[in-house]
Each structure stands twice: as structure tokens, then as C-alpha cells.
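No value in this document is a laboratory result; all are computed from the given coordinates. Just so we're clear, the structure is a prediction, and the values are computed from it rather than from any experiment. When we count neighbours, we look across all protein chains shown, and the Cβ atoms used for this are built from the backbone with ideal geometry, even at glycine.
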Amino acid sequence: MAFPLLSLIVFLPAAGAGVLMCLRSDDAVRWTALVFTVLDLALAVAMLAAFDTTTHEMQFTETHPWVPAIGITYALGVDGISALFVFLTALLGWISVLASWVAIDRKVKEFMVSLLFMQALMLGVFCALDLFLFYVCWEAMLIPMYLIIGVWGGDGRVYAAFKFFLYTLAGSLLFLIGVIVLYFHGGETFDILALTAQDLPFRVQSWLFFAFLIAFAVKVPMVPVHTWLPDAHVQAPTAGSIILAGVLLKMGAYGFLRFSLPMLPEASVYFSPLMLALSALAIVYGGLLALAQDDLKKLVAYSSISHMGFVTMGIFALNLRGLEGGILQMFNHGVTTGALFLFVGLIYERTHSRSIADYGGLMKVAPVYTAFLALFTLSSMALPGTNSFVGELLVLSGGFAANLTVGAAAVLGALLSAAYLLGMYRKVALGPAIVAARYKIWDVNAREMAAIVPLAVFVLWVGLYPKPFLNVIDASVKHLLTQVHDKEGGQ
Amino acid sequence: MDPVISIRPLLAVAVAGLAALAVLLLNKREKLRDVVSPLAAVVMFAIVASMAPTVLSGGTVALRLFEILPGIDFAFRVDALGMVFATVSSLLWIVAAIYSIGYMRHLKEHAQTRFFACFATSLAAAVGGAFAANLFTLVIFYEVLSLVTYPLVYHHEDEAGWAGSRKYLVYLMGASKSVLLAALALTYHISGSLDFVPGGLLAKANASAALLTAVYFCYLFGFAKAAVMPMHAWLPAAMVAPTPVSALLHAVAVVKMGVFCVLRVVFHVFGTGLMSGLGLGIATAYLVSFTILMASIYALTRDDLKARLAYSTVSQLSYVVLGAVLLSPVAMVGGIIHIAAHAFSKITLFFCAGSIYCASGKRNISDMAGIGRRLPWTMGAFFVASLSMIGVPPTAGFVSKWYLTLGSVQAGEIAFLIVLLASSVLNAAYFLPVSYVAFFGGEGSEGLSRVREIPLVTVPLVATAILSVLMGIFPGYFLALAEGVVR
């Protein structure tokens, strides 16, 4: 039997959580959590290093019977698309631990346990090849996230956590119905690959498409089911925001890629104009909302809606550039927005204010902080040379190929992002140092640098040399396209 | 001819980049810090010049670093057009670096380290753009240039500085994050590449005329640094910057980057064949003619010397574009060499404005009566550069205007001949009164008795005035390059 690398990656954080429960001192808890998440990242890197980029086949697969009576197996495996997100999840994992180092000062052990369980479940979602296993991880994620927001969040945490829970649960119930329908139509199996090979009638595809759409759209989130996001982000502690923005939002888009497109290709093609229109709406509307914010964290949160619109637009352009751009943009958004939330957290730890108006002139007192903030702000607005520009260029190129009007709307969104991000940076970093007069400000310390620098590296690496990242997804994306268009062309 | 593979294009960029780093590291040691920029400028010019023989003989120097996306590389290719821009920028950096030291020291400006670091980085970006082999590489340097000049514009950190720099960034970033982004994505969608191709990347493109026309205008307005109206308003706003910035960056590096990009699009993305086939040349010519005349009229009404110079720049930039879009070989040559001619003369004029400000604190032309008697070298240089702006022989401006007028006749477009002549009259109308007032204006405005030339400021401006005349007498180098582009 092959070495169960994926199981190790998925269960290592859970094991870490188990170890944490036996510890007493807060510092021991922090260091142990860090060690486990760093080890997990090392395993994910090893996985990527051994990853064969020439094939779209699932790799590192593991299959064990679980409930054979109803066709449930414990099956893990990754293709190019999921491998990239396993890596992203592991990357943000230890950064979340670092971001919580001093920000979380009560019930540290419980917090870290939730965080590590969360990570295990997220990795499970990306690795699962069994629909039942996928669904279990997908649903179970709600619990630690609910706790992270509801227990360690800001003043409005209970409301925000409840809203988050309700929205995602409502979406998930439709997903469950979809799963059951798939199970009976697809020969009573939960094997994702077997289900993908099925040829479902168009009517069934359409119904399933809408069931999945609602479930995934809530996660992405797409307008108009986005309203949980600003509350959840703003109330969540920094680590919660990083995970929400960095990984959780990607799960909706991952759902489209893993289920909607390959399993329901005719419906995906048929409804793609609708999806493109919804994406354009999210891009522009999210941008306008971000423009109106005077709360730093809300601004970043709303910008996520706009940027995730680019992702769904790329996916439903249903061409090579669009899809590769969309997936690359998922990764980029994880890195960049994760970093921005980290930065919001850092400044909040110093000022206990999130109001942009309180921050003016930060460059004078915290030059390193503002220099890196500039990098991530520019990355978020997709300046040429940064990671997001490569993704944006691909998405727009694919979007224009699919529909000129939708492409034009997306360009408007890009303009909006420049407006709110540059405006934010100017108000926060430049001008007279009013922030130093009100609060005690210190520049970033070594621990904080350790969290920032890796993210900065990815901003420039993907921006100037995205090839290794595109190589990972390339074969899988091309295969996905043939799945969509061959079946559709077969009609 | 196969391109010569060489690391020199990268070296030229790296020199300025490293200079910026050195300036930052030498923050506390002012004397040593101030030596870095002129030294780096000389080295950079030498590297650029070392590639000139290859380019003049019709070759190119290339360096491909790595692939970004299929069809898009991060790569340099030094050709004749890039050589014009790079020569002008690196040569004038030497002079401007010395001038900046004199200016900043004399006025005891704050944040000099930031100033010199950003200044050096701007040059790295300008030369990087000049040597870029494709739109992707070009746009990276284009945006870096926007960003690093931003702190130079808000340098004084007063209300005017914040307001001016805000407008600066809104225009430049707004244009590039909207129409330019759309143009790039559409070009990549249509052709699957962003490379500069002699004869035009899109020349054989399979796309509708309407779409190509839209893409073209997205480029024209997207490259807002070219300041084609209505995308010009950032340039007068940028005049809140210290004068060396206005001189080298907002008369040479930044604005020339704009027109350089437009020329790249005309020659190497669309190509002259497609331009005339779609009727884009003539449409653009009318558009920029409007800019030429309107900006000159604005300039007439400005009493602030730097503002007058800024509007004059807006007008003169459109000369470059006009020459290119007339699409006749002679006019194209005229447009290309006007990049150099305007650079030498306009930098002189800005240097003079800075010299006057350093020596007397005066900005408004109406306050400068009689100042020529106190600052004879400065105002003498100003007069020479004015003549070049108007296009009087034997100055540089005469050569480029000669080619432009001849070219518009060759293209059979008499309307633009009239535009050029009318504009020359306007140039005379807003430049000559400055010299007149300075030399023959009423006896002594008050407080001029202690005004005298500042050597470190005056020497560079005399040098650039001489350059303006030299280029008028020996235009061979730039003509040869320009003919290399048109060929």
C-alpha cells in the first residue's frame, strides 16, 4: 500500500488538536499549534513536489471501505485543482496561528483546538473523492467556524455567527438534497469520479445545478446571498477572517469546479450566461459597496465579494484562459486578502479601532508595516507585476471571449477596486501622523514578519513567474474543459 | 538580422535600481548619498550608449528572462524606438542628477533620501519601459513609474501637494485600471500574445473593425501619460512637485513614456497598415490637433511659469503622436525625433523655472520683470530653449518641426500643416513675452538686488540649452534611429 500522504496531511492538524487538549500553559498551546501547522505545510509542500503535472488523473489516492452497505468509502485523492488549494490551506494555517498569538488572550487552548479542527476539515473537503465524506467535512466545518466567530469575535459576534450559520446551513441543505438525487440517479454510489462519468438527463442536471448553485453561491458568496459575509468577517477574530477569506470562500468556487461543471456540463453551459451576469453584478456591486466603507475590515470584506466575482466569471467563461485565471485568482485572493486581513488585525491590536479615519499618517510611525501594506494593496488592485494581475488578465481575456459586455462590466469593477484600495491606502498611510497622536504605535515585530513575508513572496512570485502554479492546474483544467464541452457537444 | 543576446538591457535597469537602494542605505551620510545618483546616471548612459552601434546598424539587442503566460514573456528588446527614449532619459538624468543636488540643497528640502531614491527608481522604470519587448513588460514598468513618482509629486506634503498628487494618481491609475486593462485583455484575447511585432501584432488579426477600433482608443486614452485631452489634467496638477521632478520626469521620463507607449501601439501593435486601413490615423490626428491648439491656448492664460510650461508640454506631446499617426514616413520621423528635441528644450525651461525660484522665490511671470539682468545665464538659456520650442533654426525644435510639416504635406493633409503653423505662433506668443519681460521689463521689481546665479543649478541648464542647439545642428543620431523605426 502506498504511503497515505493525504490522510497524514488531513489528520495531522486533528491530531495536533488532540495533543493541545492535554496541555495547560497557553504558551505551550501556541507553540504546539504552530509546530503542527508548520509540519502540515511541509507535508503539503512535499505533496506538491511529488505531484505529477502531466496528468489530470487523481493522485495520492487512498480508498478504504467505510459503509459498504450504501456505497460509502473513505476515498482521498487530489488533482491539480485540489492540490493547489490543499497547499493554500496549509499555507494559511500556520499564518492563522501566528495571527492569533497575542490577539487571542482568553481560552487560548479552545481557540487553537477549533482552529486546527477547522484546518483538518477544510483539507478534507479538498481531498475527498467520496461525496459523502465531502459532505461530512463540508458541514462539520460550520461548527468550529461558528465557535471561532461566536466565542472570540467582536461585539456583534453572536448575531454574526448565527447569520453565518443560517446562511450556509440553508445552502447546505439544498446541497444535501442534490447529493441524494445524485446518489439515486448515479447508480447508488458516492464515488465522485463515478458520478462524474454519469450522463444525466438535462432536466435532472438543471435542477441539480440550481440546488448546487444556491449552496455554492452562499459560500463564494455571490450577490444577492452575500450579506452574511461582511458581518462574519468584521466580527471574526483575525485568524477567522483569514480562514474565511482565504479558504472558505474558495470552497464555493471549488464546488462549481468539482461538481457543477463536470457532473452537470449541459446545464453549466446552458446557464453560463446567467452565471456570467451574476458574476458581473458581484464585481460591480461589491466594488461599489467597498467604496462606501469607512471601516477598514468591512472594506476588505466587501472587496472579497467583488474579487470572487472575477473568480466565478473566469470559471463560467468556460474557456481555458477564463478557468485557469479563475483558479489562479482563487489562490491569489487567498494570499492577498488573507494578508490584508492580517494587516487589519495588526493595526487593530495597536489601536483597537477599525475606522479608517483614525489611522492617518501611519507611514511616519510604522514604515515597514505601511510598505508591506502597499504591496498587498497593490496586489489586491491587481497592479501589473503582482499576482492578481496575471489572474485578472486571464479572467478578462476569457471573459471577453465569452461575452464582451460582461468583460466590460468586469473592467468597471477593476477600476472601482483601484479607487477604494488606493483611497484606503492614502487615508491610512499618508498625510499627517494623526494616528501616533492618539495611540501607541509600534512597527511590526519578528513574529509578525514571519507571517507577512511568505505571503509577500507569493505576491511577487505569482506576479512575475506564475508558470509553476499554472503548471499544477493545467492538465486538470484542460481535462475539465473536455468534460464540459465533449458531453455538451455530444447532444 | 538576429538579435544580439546580451544582459546589458537588464544591467541598465539594474544600475538605477541599485542606485535607489544605495541612496536608501546612505540615508544618514548626505555627501556620499548625493554622489550616487550622478554616478549611476553616467554608468547607465554608458551602458545605453554601448548598445547604440548595434541598433544604428539595424540590429536589436534582446534578453528573454522567463515566460509569464503562454505568448507572454518577461523580456527586453532594444530597438531603434526604444533607443531614442533610453538615450534621452539616461543622458538627461546625468544633468538632472547634478541639478537636483543644487536645487534640493539650496532650498534645504526635507525627505531628500526619499526624493533621490524615488528619482533613481523612476529612471529604472523609464529605461525598462524603453527596452520592454512586449506590452506586459512595458506595462509593469509603466505602473512602477506611476507609483514611484507619486511620492515625488506629494513631496512637500502640504495641502496643495496632497491635492495635486491625488489627481495625478486618480488619472494615471484610473486610466490604466480601466481602458488600458481592457485593451490588454482584448489584445491577448484576439491575438494570444502581447509582443511588439514590426508591422503590427494585430495586423493579421481575425477581429471586427469595430472591436479593433475600440481597442485602439482604449490604448490611446489608457496610456494617460501621453496626456492626450481629456486625459491631460494630471500633468498641470503634478507641477506641485519640486522643479527637478517637473523637469526630468514631467517633461521627459514620465510623459515621454506615455507617447512612447502610444508609438509602440501605433507601430508595433497595430502597424501602419492596419492604422490606415481602419482610418484610425486620421481620427487620432484630429484628436491630437485639438490637444495641440487647446493646450497652447491654456498656456497663454497661465501666469505661473511652471503651469505655462506644463500646458506647453501637453501641447508638444501631441506633436509626437501627430507625427506618428499621419503615417507618412517623414512625419513619423518628425514625431519620433520630437521626443528628443522637446526633451532637451523643455528640461532646460523647467531648469530655468527652478533656477529662478531658487534664486528669487518667484513663480509668476508677472513678477519676473528685470530678472534677466540678475540671472543672465538662466534667462539666456531660457531664450534659447524658447526658440527651440517655437522651432527656429538652428535649434532642435526646428529639425523636428521641419519633418513634421514636410510630413503633413507628404501625407496630403494640409489641415495639419495649418495646425502646426498656428501652434508655432501660439508658442511664440506664450514663450517670448517671458524673455522680454525678464530682460526688458520695468526697472527692478523689489528685492532683486540679492538675486544671483547658483552654480550647481546654472551649469546643468546651460548644458541642456547647448544640447538643444547641438541637436539642431547635428541631428544625425536621432534621425538615423527614427529612420530605423520607420524602415
Mean separation of Cα contacts under 8 Å (6+ apart) over length of segment B:337-423, as relative contact order %: 29
So how far apart, in nm, are the two label points at B:A422 and B:K204 if each is 7 Å from Cα heading toward Cβ? 4.3
Please give the charge dipole size of the protein assembly as shown, origin at the Cα centre, charges +1 on K and R Cβ atoms and -1 on D and E Cβ atoms. Round to the nearest 20 debye. 2560
With the dipole of the protein assembly as shown defined by +1 on each Lys or Arg Cβ and -1 on each Asp or Glu Cβ, the option from A:A217, A:V181, A:A75 whose Cα lies farthest towards the positive pole is A:A217
For segment A:274-368, size of Cβ-based charge dipole, Lys and Arg +1, Asp and Glu -1, in debye: 80
So, R0 is 22 Å and r is the distance between the beta-carbons of A:I180 and A:A69; what FRET efficiency does that work out to, to 0.05? 0.85
What one gets for segment B:268-388 as the Kirkwood radius, inverse of mean 1/r over different Cα pairs in Å, is 15.9
Could you tell me the distance between the Cα centroids of segment B:10-39 and segment B:189-207, to the nearest Å? 39
Loop by DSSP (not H, G, I, E, B), at most 15 other beta-carbon atoms within 10 Å: where is the longest site-free stretch of chain A for GluC sites (Glu not before Pro)? A:189-491
Along the charge dipole of the protein assembly as shown, pointing to its positive end and built from +1/-1 on Cβ of Lys, Arg, Asp and Glu, which listed residue (A:N471, B:S246, A:F256) has its Cα farthest out? B:S246
In degrees between 0 and 90, to the nearest 10, how far off the longest principal axis of chain B does helix B:209-222 point, with axes built from Cα atoms? 20
One checks the Cα atoms of the protein assembly as shown and finds Rg and Dmax, in Å, of 30.4, 108
Taking the Cα centre of chain B as origin, work out the dipole magnitude from +1 charges on Lys and Arg Cβ and -1 charges on Asp and Glu Cβ, in debye rounded to 20. 600
Tell me, what is the percent relative contact order of segment A:278-491, built from C-alpha pairs under 8 Å that lie six or more residues apart? 28
Once both axes come from the Cα atoms, what is the angle between helix B:414-440 and the longest principal axis of chain B, in degrees from 0 to 90, rounded to 10? 20
How tilted is helix A:296-316 with respect to the longest principal axis of chain A? Cα atoms for both, answer in degrees (0 to 90, nearest 10). 20
On average, how much area does the Cα convex hull of segment A:278-491 cover when viewed from any direction, in nm²? 11.8
Flagged as over-length at 32 Å C-alpha distance, from A:K298/B:K108; B:K177/B:K346; A:K250/B:K256; A:K478/B:K177; A:K109/A:K440, the pairs are A:K298/B:K108; A:K250/B:K256
Quick one: net charge of B:M239's neighbours, Cβ under 12 Å, K/R +1, D/E -1? +4
Beta bridge orientation in chain B: antiparallel %, DSSP, nearest 5: 85
Long-range amide H partners of B:V4, meaning residues 5 or more apart or on another chain whose placed amide H is closer than 5 Å, are B:T60, B:V61, B:A62
Using a 10 Å Cβ count of at most 16 others and DSSP loop calls, identify the longest part of chain A lacking such trypsin sites (Lys or Arg not before Pro). A:108-439
Going by amide H atoms built from the backbone, whose H comes under 5 Å of the H on A:D191, apart from near neighbours? A:L131
If the reach is capped at under 20 angstrom between alpha carbons, list the aspartates and glutamates near B:K167, excluding any in the same chain fewer than eight residues apart. B:E143, B:E157, B:D158, B:E159, B:D304
Whole-Hz Karplus couplings 3J(HN,Hα) for segment A:441-451, θ = phi - 60° and coefficients 6.51, -1.76, 1.60, Gly and Pro as x, run 10, 10, 6, 5, 9, 4, 4, 5, 4, 4, 7
